[in-house]
Amino acid sequence: MTTPERRPARRAPDGSGWRTRANLVVPVLLSLFGLAMVVCAALPVIGAPPGARVLLAGFGAVLLLLAWPNGRRGRRAPYPTIHDGVAATAVPRRGIRLSSAMATLVLGVTLVVAAVGSWRVDGEAEPVMAVLGGLVTLAGAATAFHPRARRPAPLLVTAQGLAVPDVDGYGETPWPDVASIDRGWTFVGRRWTFPRHYRNHIAVTGRDGACLALLPIERFAGDPAAVLALLRSHHAEHASEAT
């Protein structure tokens, strides 16, 4: 198996363990705000033209879709495959959520419909920019529905090492280079931002203390704890072998 030059991880974990309940504030706030927008758009006391009502309801629906739970975990188990002529175990990864793709589609359609409706009523040229923005958003929705975005390449585990998918194919990390595989988390955003948001990872650390790979657990289509156990098992079995 060839081993291309390994790209360093963006940053090492800020802490150990997984913060499984730390990110609930954002979905709750988005859900409440989106629901409020939809309700306000339907109220007869709101003196707004139909186009503005559609736009308000559309944005509210987008927020609701983005805040929707990320689905059940543990439904896609690892499976055997072949990588560079070597037997491997493929760990399925989660692609773009259907709710996120639908949110992008709804936003694009909402922008186009609201702009065209306002244009026909007012006869002004300003909504042209909203139409163009809607078309660009619809193009993004088409990309989100692409099979590669919905079903990304799996993480591969072999007797030689760990193969992490990236934009150029796979980056190889031999087991003898790995010192530990642990739970970890990083803080997303700035320290002063509210609400605070964290990203949980499986952190692969090298023998020199460098972070070789950060594997976000939300990208796994199966149980992250099972993936962690699988990686640790292969590392314990093959770490002492020569590359």
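Matching residues to (1) modelled with pLDDT under 80; (2) open to solvent by 60 Å² or more (accessible area, probe 1.4 Å); (3) part of a helix (DSSP H, G or I):
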residue	(1), (2), (3)
Pro69	yes, yes, no
Ala77	no, yes, no
Ile82	no, yes, no
Thr89	no, no, no
Ser100	yes, no, yes
Val112	yes, no, yes
Val131	yes, no, yes
Val164	no, no, no
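Against the conditions (1) surrounded by 12 or more Cβ atoms within 10 Å (Cβ to Cβ); (2) modelled with pLDDT of 80 or more; (3) over 17 Å from Pro165 (Cβ atoms), where does Arg94 fall short? Just the number, please.
If we test Arg94 against (1) surrounded by 12 or more Cβ atoms within 10 Å (Cβ to Cβ); (2) modelled with pLDDT of 80 or more; (3) over 17 Å from Pro165 (Cβ atoms), just (3) comes out false.
Would you please list the contacts, defined by Cβ atoms under 6 Å and residues six or more apart or on different chains, that run from a residue in segment 168-188 that is among the charged types (D, E, K, R) to a residue that is open to solvent by less than 10 Å² (accessible area, probe 1.4 Å)?
Filtered contacts from segment 168-188: Glu172/Gly161; Glu172/Ala163; Asp177/Gly206; Asp182/Ala203.
Quick one: in segment 32-64, which of the residues that are surrounded by fewer than 18 Cβ atoms within 10 Å (Cβ to Cβ) and of a type in the set (Gly, Ala, Ser) is nearest to the chain's Cα centre (by Cα)?
Ala36
Ala141 - would you say it is assigned to a helix (DSSP H, G or I), at pLDDT below 90 and under 21 Å from the mean Cα position of the chain (by Cα)?
Yes, satisfied.
Return the total of residues in segment 172-200 being outside any loop (DSSP other than H, G, I, E, B), modelled with pLDDT under 85 and either open to solvent by 10 Å² or more (accessible area, probe 1.4 Å) or within 19 Å of Phe220 (Cβ to Cβ) (or both).
Residues that pass the stated criteria total 3.
So if I check each of Thr143, Thr205, Thr158, which one is within 19 Å of Pro78 (Cα to Cα) and among the hydroxyl-bearing types (Ser, Thr, Tyr)?
The match here is Thr158.
Going through segment 20-31 one residue at a time, which ones are surrounded by 14 or more Cβ atoms within 10 Å (Cβ to Cβ) and in a loop (DSSP other than H, G, I, E, B)?
Ala22, Asn23
How many residues are closer than 19 Å to Tyr170 by Cα and either among the basic types (Lys, Arg) or not in a loop (DSSP other than H, G, I, E, B) (or both) if we restrict to segment 203-227?
The total comes to 14.
Answer yes if at least one residue in segment 52-62 is within 30 Å of Arg183 (Cβ to Cβ) and at pLDDT below 85, and no otherwise.
No - not one qualifying residue is present in segment 52-62.
So, in segment 133-147, exactly how many residues are polar (S, T, N, Q) and open to solvent by less than 70 Å² (accessible area, probe 1.4 Å)?
The qualifying residues number 1.
Of all residues being over 18 Å from Arg94 (Cβ atoms) and not aliphatic (A, V, I, L, M) in segment 148-162, which is most open to solvent (accessible area, probe 1.4 Å)? Just the residue, please.
Gln160
Hey, any hits in segment 150-162 for a residue that's part of a helix (DSSP H, G or I) and within 15 Å of the chain's Cα centre (by Cα)?
yes
The values are calculated or read from the model by the stated rules, or taken from the named source; none is laboratory data. Note that the coordinates shown come from a computational prediction; the quantities given were computed from them, not determined experimentally. Cβ sites come from the backbone with ideal geometry, for glycine too, and all protein chains shown count toward neighbours. These accessible areas exclude ligands, DNA and RNA; they are computed on the full protein's heavy atoms, side chains included. Shrake-Rupley method; radii C 1.70, N 1.55, O 1.52, S 1.80 Å.
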